[in-house]
Amino acid sequence: MSGISSYQLKSQPDGSDIVIGTSVENGQTKNFSVQSLSNYSINSYFKNISWQFIVLEPDPSERETTYVDTNNLTINFSAGFSGKAYLN
């Protein structure tokens, strides 16, 4: 097996790329996709944040608010900008 320093550098990882890690539970080597690590990091960060804001733009006719449940809603924007905001 070649040393790590002999591998070619990749400028930007792809979500399907695999990285190697070690289980803290049993010390076994594990494989993780870049996408799974990204999802875990983002979800871990955002689940501990409370959001409170008022949407002033765009006009209410240019956005759609869907109440998912008592703690969550989705706002879909259109027109000059687009995206989604998830609050809980």
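Residues that are among the β-branched types (Val, Ile, Thr) and at pLDDT 90 or above within segment 1-22 comprise Ile18, Val19, Ile20, Thr22, listed in sequence order. Looking only at segment 23-54, residues that are modelled with pLDDT under 80 and either surrounded by 10 or more Cβ atoms within 10 Å (Cβ to Cβ) or of a type in the set (S, T, N, Q) (or both) come to 4 in all.
The values are calculated or read from the model by the stated rules, or taken from the named source; none is laboratory data. It should be emphasised that the depicted structure is a prediction, and the values quoted were computed from it without experimental measurement. We place every Cβ from the backbone using ideal geometry, glycine too, and count neighbours over all the protein chains shown.
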